[in-house]
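The block underneath contains the structure these notes are about, expressed in C-alpha cells.
The values are calculated or read from the model by the stated rules, or taken from the named source; none is laboratory data. The model shown is predicted, which means the values in this text are computed figures rather than measured ones. Here the Cβ is made from the backbone with ideal geometry for all residues, glycine too, and neighbour counts use every protein chain on show. Accessible surface areas use protein heavy atoms only, side chains included; no ligands, DNA or RNA. Shrake-Rupley method; radii C 1.70, N 1.55, O 1.52, S 1.80 Å.
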Amino acid sequence: MKVRLLAMVSASLILAGCAGSVKPDTVKAANGSSIEIYSVSAIPELNNNRVADSHLREVTPGHVAAGMGIAVVGALLGSINSSDFDKENYKGTTVETLENPTNNWFIPKAKQNITQWMNEKGNGHLYKQPLYIGKATWALIYKDANAATPLYQLKYKVLFYKRPESGNMFSAFTVAECAPTPVEAPLSDWNANNYKKVVSETEKYMNSCLLELNNQLPRLLKQ
C-alpha cells in the first residue's frame, strides 16, 4: 500500500507539472466579474485513476485478451492492482487523427456560458481560485466480448473542478462531472466515413454537458 501511494503521488506530481505549463484564459463579465479558466487533462485522482484520453481510444476484446497496456497512473510507475485490469482501463488503440474535441469545441462554448452566468450572478466578484475544465474520457469500448458482432459504446466524460474561494492550494476541489449515457453501435458503424458517427454523437454529448455545466455553476462559482 505504501509503495502504491508513493507511486500515485509521484505520478500525480508529474502530471501536475504538465498541467502547470498550461496558461489560463481570463473570462470577464460586463459587471466586472472575472475568473481564470484552465483547459487541461483531468487529474487522475478525479478520473478514477485513469490517464485522460487526448485522442479517441478504441478498446476491442483482442486488446484485453492480449493485455495491451493499462491506462491508469499506477501503470506508469509499475504499481497496479487487480481492479485495474478492467476493459475501461485498457489503452487499446489510439486514433491519432481524432483529437479529443473538448478543448476546441466544448471549452469556447463553456466560456460563453460562464460569462453569461457571471453577468447575471457574479456581482462583480474577482475570483481568486481558477476553474479547471478537464477532458477525461473519449473512447469506443466493446460491450460484450461474447457477442457474434460486439456492440461498442462511445464514452465521453468531462470534469469541472475548482477550489473554494476561501481555500488555498491544499484545499479539496469542488468537483462536478458530465458523462452522458453511452450510445451503442457496431464498430463498423462508428468508424465509417472517417468516424463521422463518433464526431456527431460526441457533439450531442458535449451539448448535454454544457447544460450540466450551467446546472453546476452556482456550486462551482460560489463566492
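Observations on the model:
- Between T26 and N119, the simple spin-label model (points 7 angstrom out along Cα→Cβ) gives 2.0 nm.
- Straight Cα distances below 19 angstrom link K23 to the lysines K109, K111, K128, K135, K162, with same-chain residues fewer than 8 positions distant left out.
- Cα gyration tensor category, rounded, prolate or oblate, for the stretch 143-204 with a/c compared to 1.5: prolate
- Relative packing of peptides 166-173, 123-130 - highest average C-beta neighbours within 10 Å first: 123-130, 166-173
- Per residue, the convex hull spanned by the Cα atoms of the stretch 83-163 amounts to 149 cubic angstrom.
- For K222 and K204, the difference between the fully extended length at 0.36 nm per residue and the C-alpha to C-alpha distance is 3.7 nm.
- Its Cα gyration tensor gives the stretch 113-223 an equivalent ellipsoid. The semi-axes, each the square root of 5 times an eigenvalue, are 36, 15, 9 Å from largest down.
- For the stretch 168-223, the set of trypsin sites (Lys or Arg not before Pro) satisfying both a DSSP loop assignment and a count of at most 11 other C-beta atoms within 10 Å is given as K222.
- Under 16 Å from K143, Cα to Cα: aspartates and glutamates that are on another chain or at least 8 residues apart: E58, D86, E88, E184, D189
- Counting only protein chain heavy atoms and rolling a 1.4 Å probe, the accessible areas of T93, T137 rank, largest first, as T93, T137.
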